[in-house]
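**Student:** Okay, handing you the structure first.
The values are calculated or read from the model by the stated rules, or taken from the named source; none is laboratory data. In this text the structure is predicted, and so the values were computed from the model without any measurement. Every residue, glycine as well, gets a Cβ built from its backbone with ideal geometry; the counts of neighbours run over all protein chains shown.
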């Protein structure tokens, strides 16, 4: 390209210097500069397709317990909201399985807290059931609906109580949800409140937490 430009410049100079005593045929007409060919910019469809492929690859890596690979794909532009044939996404799967660093990266890269899993639940619901405290804290800083009810009739608090183990981590999960404004006594599909479930299961510490929340 540089040689072509120099050759053109020399030709123009030579033509313009042809004076009355020169043997040239007159001024040389200015020649257009060589065109520069550039590759077309990728279309949004191509970018979206690539992000989708990377998102599914990232999800596959996470299901193989390779979070470092998932994180690198997220940094490369993986779509953290794209869902596979069973409605898992990087964001939803990471939340359910307690991959806190992946959830943090997904949130930073545009994870939608309103996306629902195959049970019609948000990422917060299974995270609360399993008392993934780091994930719960991250999700409560998003626009997630803390009282969303999934297709099985559970809220995050309902699952934390009825499907948790009642131990210290489950107790803390309940506290975090209540502090975020969760309804303290959601009713499940069996017609039982969270407090009734806590009493039925012998989770005395959670009973106290819920009773205190009901009086606040």
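**Student:** On the basis of being farther than 29 Å from residue 120 by Cβ and at pLDDT below 95, does residue 49 make the cut? It would help to see each step written out before you state the result.
**Tutor:** Numbers: farther than 29 Å from residue 120 by Cβ: no; at pLDDT below 95: yes.
No, not satisfied.
**Student:** Checking the conditions here, which among 148, 130 is crowded, with 20+ Cβ neighbours inside 10 Å, closer than 29 Å to residue 209 by Cα and in the same structural domain as residue 195 (by TED's automatic domain parsing)? Break it down into steps so the answer makes sense when it comes.
**Tutor:** On the way: 148 fails: crowded, with 20+ Cβ neighbours inside 10 Å.
Going through 148, 130 in turn, just one is crowded, with 20+ Cβ neighbours inside 10 Å, closer than 29 Å to residue 209 by Cα and in the same structural domain as residue 195 (by TED's automatic domain parsing): 130.
**Student:** Report yes if residue 162 is crowded, with 16+ Cβ neighbours inside 10 Å, farther than 25 Å from residue 80 by Cα and not assigned by TED's automatic domain parsing to the domain that holds residue 72, otherwise no.
**Tutor:** yes
**Student:** Separate question: Output the number of the condition that residue 114 fails; it satisfies all remaining conditions of (1) touching a helix residue (DSSP H, G or I) at 6+ places or on another chain (Cβ under 6 Å); (2) within 30 Å of residue 206 (Cα to Cα).
**Tutor:** Answer for residue 114: the failing condition is (1).
**Student:** Here's another thing I want to ask about it. Does residue 177 satisfy being within 20 Å of the chain's Cα centre (by Cα), outside any loop (DSSP other than H, G, I, E, B) and either at pLDDT 95 or above or assigned by TED's automatic domain parsing to the domain that holds residue 205 (or both)?
**Tutor:** Details: within 20 Å of the chain's Cα centre (by Cα): no; outside any loop (DSSP other than H, G, I, E, B): yes; either at pLDDT 95 or above or assigned by TED's automatic domain parsing to the domain that holds residue 205 (or both): yes.
No, not satisfied.
**Student:** Scan the stretch 63-86 and report the pairs whose first residue is at positive phi and whose second residue is in a loop (DSSP other than H, G, I, E, B) and surrounded by fewer than 21 Cβ atoms within 10 Å (Cβ to Cβ), with Cβ atoms within less than 9 Å and a gap of 6+ or a chain change.
**Tutor:** 77/109
**Student:** Does any residue of the stretch 18-32 turn out to be at pLDDT below 95 and under 30 Å from residue 145 (Cβ atoms)? Give the derivation first.
**Tutor:** Of all residues in the stretch 18-32, those at pLDDT below 95 come to 18-32.
From what is left, the residues that are under 30 Å from residue 145 (Cβ atoms) are none.
Checked the stretch 18-32: no residue is at pLDDT below 95 and under 30 Å from residue 145 (Cβ atoms).
**Student:** Related question: Restricting attention to the stretch 73-97, and to residues there that are part of a loop (DSSP other than H, G, I, E, B) and crowded, with 17+ Cβ neighbours inside 10 Å, which single residue is nearest to the chain's Cα centre (by Cα)?
**Tutor:** Here is the first cut: in the stretch 73-97, the residues part of a loop (DSSP other than H, G, I, E, B) are 76-89.
Adding the requirement that they be crowded, with 17+ Cβ neighbours inside 10 Å leaves 78-83, 88-89.
Values: 78: 9, 79: 7, 80: 4, 81: 5, 82: 9, 83: 11, 88: 12, 89: 9 Å.
Only one residue fits best here, namely 80.
**Student:** Answer yes or no as to whether residue 157 is closer than 27 Å to residue 55 by Cβ and either surrounded by 18 or more Cβ atoms within 10 Å (Cβ to Cβ) or modelled with pLDDT under 95 (or both). Don't jump to the end; show me each part of the working.
**Tutor:** Working: closer than 27 Å to residue 55 by Cβ: no; either surrounded by 18 or more Cβ atoms within 10 Å (Cβ to Cβ) or modelled with pLDDT under 95 (or both): yes.
The answer is no for residue 157.
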